[in-house]
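Below is one structure, written out as structure tokens; comments come after it.
The values are calculated or read from the model by the stated rules, or taken from the named source; none is laboratory data. Bear in mind the structure is a predicted one, so any value in this text is a computation, not a measurement. Neighbour counts are summed over all protein chains in view; Cβ atoms, including those assigned to glycine, are modelled from backbone coordinates with ideal geometry.
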Amino acid sequence: MTLDEITVRIDKVVAEGDGLGRLPDGRVVFVERALPGELVAIRIIKQSKDYARAEIVRIVEANDRRVEPPCAYVASGCGGCDLQHAAVDLQRKIKHDIVFESLVRLGKATDPLVLDCPDDLPLDSCRTTMRWAIDDHGALGFRAQGSHRVVSVDDCLVAHPALRELRHSLAPGARSGIEEVSLRVATASGERSVWWEPSDVALGAVPARTEVGPQGVVHEEIDGHRLRVSAASFFQASATGATALVRAVRRAAGDPTIWTSDPVIDLYGGVGLFALTVVPADHPVIVVESNASAVADAKVNLRDRPATIVRSEVARWRPVPASVVVADPSRTGLGAAAVAVVAATKAPVLVLVSCDPASLGRDVGLLARAGYRFEYTEVLDLFPHTHHVEAVSRFVRDERLSPL
């Protein structure tokens, strides 16, 4: 061992995908690509008074579920799939444990019920929407872990075959001034779209029969329902993932025959995915969404339903009584303002879709103080080979908790 090496035992993997251990002086150290239980020799690359960050010099004792990454670009530094060195069962256990810990530590939940998604989710060749960075030579790729450096990637392991085809059909060459290119394909219709930023810079030749720009539209089918999705509208990263998410939300929402006659409120409703697939066709629904593109799509997707589409920030929307609230906020979660909106609906059931375990934990605590009792969380591995995790949680209104 060299003088700048330190040996530490890794306790667990935390929310951003790093292994967590303790330095001899008691400080926490976050170690890139370390796995639970491993003994690793590390080199400090950044430190502060309270914690440090480190890279592995060598593995002294490896986790028996450590594997050789299936994608060759990991060795080139691509940071897109930061858990490829863990076997799939270990990846999913890590995500399960991260969600559980967040519910306990941040949400103050006692022995929370955390379930794993029963659907057989694909591991590879599944992503139908991806955003690619562009290097100084105009090549498409992904950023290195913890860096702005772009690693050129020709063939992404997790991209759907149709998305790979679209990526390869883009003309090679310099793309001066373009920072990122977003590609989307629809498995149901075969349609595809390309959108880049800044949009006033020429990308170069775009393949025929490809929608171009933020208004480019594709149509996807999710759980038997056809949806219009514009390029500038948020949508799930894969059709299979969206389908699994819809089924999880449906399970959490419960039997529609026992809902009240009040409308379902779909907060951060996007293009109307849950309003269309989870809510019965004859039940009123209100979609609240701030993105203009998504609002336009939702109006098309729900045109044959008793639906009201409201373009508004959730915190600014005036709540009305609801039978069920479904909320799918960004990574920052609901926060106090949106929790107050949820509580004001007095909905008997809340379904919260979370894409960040820390925000989920914080929201659980806020919701408890607002009168919503946590029942369970279902963990979905919609982003295989990465630390990213999706969670669907069910809450019920408990008057004993409510301050209202």
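Here are some notes:
- Checking residue 115 against (1) out of contact with any Lys or Arg (no Cβ under 9 Å at 6 or more places or on another chain); (2) not assigned by TED's automatic domain parsing to the domain that holds residue 385, the condition it does not meet: (2)
- Scanning the stretch 142-171 for residues that are closer than 17 Å to residue 194 by Cβ, more than 19 Å from the chain's Cα centre (by Cα) and among the small types (Gly, Ala, Ser) gives 162, 169, 171.
- If the condition is being in contact with a strand residue (DSSP E or B) (Cβ under 8 Å, 6 or more places away or on another chain), buried (at least 18 other Cβ atoms within 10 Å of the Cβ) and closer than 28 Å to residue 140 by Cβ, then the stretch 33-82 contributes 33, 71, 73, 78, 79, 80.
- Taking the criterion of being under 20 Å from residue 341 (Cα atoms), free of Cβ contacts under 8 Å to residues at least 60 places away in the same chain and surrounded by fewer than 18 Cβ atoms within 10 Å (Cβ to Cβ), the only residue of the stretch 235-285 that qualifies is 284.
- Restricted to the stretch 83-151, the set of strands (runs of 3 or more DSSP E) holding at least 2 residues that are more than 21 Å from residue 165 (Cα to Cα) and out of contact with any Cys (no Cβ under 6 Å at 6 or more places or on another chain) comprises 114-116.
- Failed condition for residue 27, given (1) under 25 Å from the mean Cα position of the chain (by Cα); (2) in contact (Cβ under 8 Å) with a residue 24 or more places away in the chain; (3) surrounded by fewer than 20 Cβ atoms within 10 Å (Cβ to Cβ): (1)
- Condition met for residue 314 (more than 20 Å from residue 112 (Cβ to Cβ), modelled with pLDDT of 95 or more, more than 23 Å from the chain's Cα centre (by Cα) and surrounded by 19 or more Cβ atoms within 10 Å (Cβ to Cβ)): no
- Restricting attention to the stretch 63-87, the residues that are over 21 Å from residue 44 (Cα atoms), in contact (Cβ under 8 Å) with a residue 24 or more places away in the chain and charged (D, E, K, R) add up to 2.
- Of all residues making up the stretch 291-337, the number that are closer than 19 Å to residue 249 by Cα and touching a residue at least 60 places away in the same chain (Cβ under 8 Å): 10
- On the stretch given as the stretch 105-161, residues that are under 14 Å from residue 180 (Cα atoms) and surrounded by 13 or more Cβ atoms within 10 Å (Cβ to Cβ) total 18.
- Flag for residue 351 being in contact with a Lys or Arg (Cβ under 7 Å, 6 or more places away or on another chain), β-branched (Val, Ile, Thr) and on the phi < 0 side of the Ramachandran plot: yes
- Checking 38, 5, 16, 55 one by one, the residue that is modelled with pLDDT of 95 or more and out of contact with any helix residue (DSSP H, G or I) (no Cβ under 6 Å at 6 or more places or on another chain) is 38 and no other.
- Every residue from the stretch 286-304 that is crowded, with 19+ Cβ neighbours inside 10 Å and either of a type in the set (Ser, Thr, Tyr) or in a loop (DSSP other than H, G, I, E, B) (or both): 293, 302
- Qualifying residue in the stretch 355-376 (condition: under 20 Å from residue 222 (Cα atoms) and surrounded by fewer than 22 Cβ atoms within 10 Å (Cβ to Cβ)): yes
- Scanning the stretch 30-62 for residues that are in a loop (DSSP other than H, G, I, E, B), aliphatic (A, V, I, L, M) and without any contact (Cβ under 8 Å) to a residue 12 or more places away in the chain gives no hits.
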